[in-house]
Amino acid sequence: MPELPEVETIRRDLDRIATGKVLQRIEVSEPRLLQNCLLADVQATLHDCPLVAMRRRGKFLIFNFGAHSAIVHLRMSGWFSEQPGNHTRMVLKFEGATLYFDDTRRFGTFHLVENKSLDQEPPLRGLGLEPLGDMLTWKAFKPVFDTNREVKRLLLDQNKIVGLGNIYVCEALHQAKIHPQQAANKINSAKLKKLRTAIQLILQTAIDNHGSTLGNAAGDYRTLEGAQGSFQDRFQVYGREGETCFRCPGNIERIVQAQRSTFFCPRCQK
Ligand SMILES: [Zn+2]
């Protein structure tokens with residue numbers, strides 16, 4: 001599932017291709033995609049509007065059309081391309097550019113929201129701190145950990161900090177030397193400061209590497225041009241069960257938390 005670096009990579013491509021162009025036509029062939037609107041309303045609202053800006057909040061892509069925004073979540077297998085795919089669910093025809101939304105597993109979502117209430121309505125309402133930019137101050141970050149929840153589960157909670165999924169949480173906890181099952185309120189301030197730095201550094205490095213692609217299966221994350229990300233070549237723990245830690249002589253272990261695999265080094269993540 002795409003996490004913040006993958007979504008940000010796609011946002012940058014969409015921005016380059018479509019920002020400033022007029023949307024001439026939108027077609028949707030998968031009714032489940034539309035969450036809070038009908039296709040006729042979407043067409044009446046957005047046709048002939050220029051794409052003013054292409055933004056991102058957490059793992060959501062925000063197409064800002066001036067008075068309204070179209071908000072897309074890629075979920076498991078959604079991706080955008082300039083070429084039609086085998087599972088095209090939506091076509092956005094701009095003046096001089098056409099974007100195809102392909103979604104093999106059909107979990108992707110589309111919301112139409114007025115910009116004046118963008119943050120007060122689903123799906124953006126209640127979202128947590130944005131990890132990059134100026135939102136994740138120490139003052140805002142520290143209170144998030146005032147709970148006895150396991151730190152890994154806490155970091156996956158989009159109402160606390162947005163954009164992190166399984167891969168980048170595992171990598172950040174390893175970098176900060178924190179055990180994934182540690183109760184959040186038992187982590188001292190020095191380690192929390194390391195964790196905050198690790199989250200930002202790993203996400204930024206992953207963006208610089210165009211995200212992570214795990215395999216070659218249909219639905220795996222790709223850039224708009226169909227290229228794979230390359231941050232998977234830099235994983236320290238994710239997918240390395242049984243292999244030696246790059247930092248100490250320990251062996252990477254896999255456990256299951258919230259039905260998801262967690263990879264960590266029991267020797268240097270105490
Ligand atoms: Zn280790």
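In the condition set (1) open to solvent by 30 Å² or more (accessible area, probe 1.4 Å); (2) part of a helix (DSSP H, G or I); (3) touching a residue at least 24 places away in the same chain (Cβ under 8 Å), residue 167 is compliant with all but (1). Please verify whether residue 144 is of a type outside the set (Asp, Glu), open to solvent by less than 30 Å² (accessible area, probe 1.4 Å) and farther than 18 Å from residue 67 by Cα, treating the condition exactly as stated. Criteria met by residue 144. In region 235-270, which residue that is without any contact (Cβ under 8 Å) to a residue 12 or more places away in the chain and outside any loop (DSSP other than H, G, I, E, B) is nearest to the ligand (Cβ to nearest atom)? Filtering first and then ranking leaves 244. Please go through region 44-53 and give me each residue that is surrounded by fewer than 16 Cβ atoms within 10 Å (Cβ to Cβ) and either part of a helix (DSSP H, G or I) or over 27 Å from the mean Cα position of the chain (by Cα) (or both), ordered by number. 44, 47, 48 - these are the residues of region 44-53 that are surrounded by fewer than 16 Cβ atoms within 10 Å (Cβ to Cβ) and either part of a helix (DSSP H, G or I) or over 27 Å from the mean Cα position of the chain (by Cα) (or both).
Among the residues of region 207-231, the one identified as of a type in the set (S, T, N, Q) and more than 17 Å from residue 10 (Cα to Cα) is 216.
So which residues in region 181-196 are under 20 Å from the mean Cα position of the chain (by Cα) and either without any contact (Cβ under 8 Å) to a residue 12 or more places away in the chain or open to solvent by less than 10 Å² (accessible area, probe 1.4 Å) (or both), if there are any at all?
Restricting attention to region 181-196, the residues satisfying the condition of being under 20 Å from the mean Cα position of the chain (by Cα) are 195-196.
Of everything in region 181-196, just one residue is under 20 Å from the mean Cα position of the chain (by Cα) and either without any contact (Cβ under 8 Å) to a residue 12 or more places away in the chain or open to solvent by less than 10 Å² (accessible area, probe 1.4 Å) (or both), namely 195.
The values are calculated or read from the model by the stated rules, or taken from the named source; none is laboratory data. Values in this document were obtained by computation on a predicted structure and should not be read as measured data. Note that we place each Cβ from the backbone using ideal geometry, even for glycine, and neighbour counts take in every protein chain shown. Surface areas here come from the heavy atoms of the whole protein model, side chains and all, with no ligands, DNA or RNA. Shrake-Rupley method; radii C 1.70, N 1.55, O 1.52, S 1.80 Å.
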